[in-house]
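Reading through the structure tokens given below for one structure.
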Amino acid sequence: MYTKAQPQTLDFMSQTNYNDIMAYVGAFVKEVIIKNMAPKVLRASIYDDGGIWRMKAVIEDPDTKKQITKTRSTGLYVKDHTKRKAQKALEKYVQDIENGEVELKPTSKAVRRAAEAVDDNVNEPEEEENSAPFSEYVEKFLLKKEKSLRPDTVCEYKRIAEKHVLPALGDIPITELCLADVQKYCDDKSEVLSVNTVHKHHVVISGAVMEAVREGILSVDFTDYVEFQRMQKFTGTSYTEEQLADLLDAAYQEGEPIYSAIVLASAYALRRSEIAGLRWCDVNFDEGYIHVCNTVVRVGADIVEEEQTKTKASNRIIPFVGGTVEYFRNLFETHKANGLLTDDLRTKVCRWPDGHNIDPTYISKRSRIMMKKYGLEHIRLHDLRHTAATLLARRVPPKQVQAFLGHSDISTTLNIYTHLLDSDKLQTSDTMNSIMSGILPSGRRQIAQNT
């Protein structure tokens, strides 16, 4: 019995477990090869790269002993307080590098060849390739951003995706999408759209690719290497004091609600969403200020109210501009007399006489029609903020203008001063020219000849 059972046991082992044992041995050998040949991370860190956390690793190549620097975007926005998540992503990135899962040249090729040599001798089942279309990852990106971005921003990204990105790239399998596809897309769009707008398209594409990177479908966010034309710095148009006076006169003739909107835009430099969102509870007549803390925006077919502002710096206290106090007191009394106020005073300052709230887009459309009607130079409603900033910039330090306008970045405010500096330079140069013309020898000779 014993001598007969022994061959049966061996036969059973060979038929049932041989492949599993060889697969295990092969995986072990492969792991040892990769571990011994994989690069070593000398140091690693994260840094703010244009508002997104980016990882940086300095690596020692085991073959050449040279140091190589590798970077990869985390796809995590700094403003979302994601530093801890970025640090965890860095830890995984370092682990992937040291496990030989991040491509390096020439080390990665050597590792890959050695690992493939082991694979050739082991019959392991092939992994099924992910053939999900790029559109699925765009949807994942947009869904995630609904939790962290303002509704109007998400709406804009959805519009870009549906109208542009998905028709062009949506059907491409995520594993087949490459840098050349995205570069061509951006190049084509740059011919018909502004560079700034193409950058928004890139945000959607890059965000979707990063979703695939997080899931391990892709190893790197290749969209970081897309090349753009140089971004054009936008310079807003502004009215002179005389032009602004004409606009206010025209708005006064038109009545409410456009007059209150123009006053808030020009005297207080409020954004359109801030104008539509200002409530009487935010107006403090006793202390003499308005509190900008509520916004109303249009999101597709809906109008959305948010008890927050565009940025943290946009939530601000603005003292009353003297000439407007009486006007706002009278407007308050008018609303009160017409029964338009609630006990909590959360009704809007800028509204129709019958009590209906205004659509934020109406303010822009109506101001444009009004300018044309009264023969005024056309500027955007937002340019009234620029007008207010320009008028202040000649009299007030940049830091004060920044606080008044609610700019989160001083560079935005300083752009206004740079614009003013250009025009002031010309005026100063002309003045110096008239002075020097009578001082320089050539100028004196010319004056003598003329006399």
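The values are calculated or read from the model by the stated rules, or taken from the named source; none is laboratory data. Note that this is a predicted model, so its numbers are computed, not measured. Positions of Cβ are backbone-derived with ideal geometry, glycine not excepted, and every protein chain shown enters the neighbour counts.
Where helices (runs of 4 or more DSSP H) fall entirely within the stretch 127-183, those with at least 2 residues that are outside the structural domain of residue 81 (by TED's automatic domain parsing), touching a residue at least 40 places away in the same chain (Cβ under 8 Å) and not small (Gly, Ala, Ser) are at 134-145, 151-160.
Of all residues in the stretch 323-374, those that are of a type in the set (S, T, N, Q), within 19 Å of residue 267 (Cβ to Cβ) and in a strand (DSSP E or B) total 0. Residues that are closer than 18 Å to residue 133 by Cβ and either in contact with a helix residue (DSSP H, G or I) (Cβ under 9 Å, 6 or more places away or on another chain) or in a helix (DSSP H, G or I) (or both) are absent from the stretch 189-200 altogether. Cβ contacts < 9 Å: first residue at negative phi, restricted to the stretch 278-291; second residue among the acidic types (Asp, Glu) and crowded, with 16+ Cβ neighbours inside 10 Å, any location; separation 6+ or different chain. Result? Between residues of the stretch 278-291 that are at negative phi and residues that are among the acidic types (Asp, Glu) and crowded, with 16+ Cβ neighbours inside 10 Å, the close pairs are 290/282; 291/282. Taken together, the criteria exclude residue 64 from residues that are loosely packed, with under 13 Cβ neighbours inside 10 Å, of a type in the set (S, T, N, Q), in contact with a Lys or Arg (Cβ under 9 Å, 6 or more places away or on another chain) and more than 21 Å from residue 142 (Cα to Cα). All conditions in (1) of a type in the set (S, T, N, Q); (2) surrounded by 12 or more Cβ atoms within 10 Å (Cβ to Cβ); (3) at pLDDT below 85 hold for residue 87, with the sole exception of (3). Restricting attention to the stretch 241-289 and to residues that are part of a helix (DSSP H, G or I) and among the β-branched types (Val, Ile, Thr), the residue that is surrounded by the fewest Cβ atoms within 10 Å (Cβ to Cβ) turns out to be 258.
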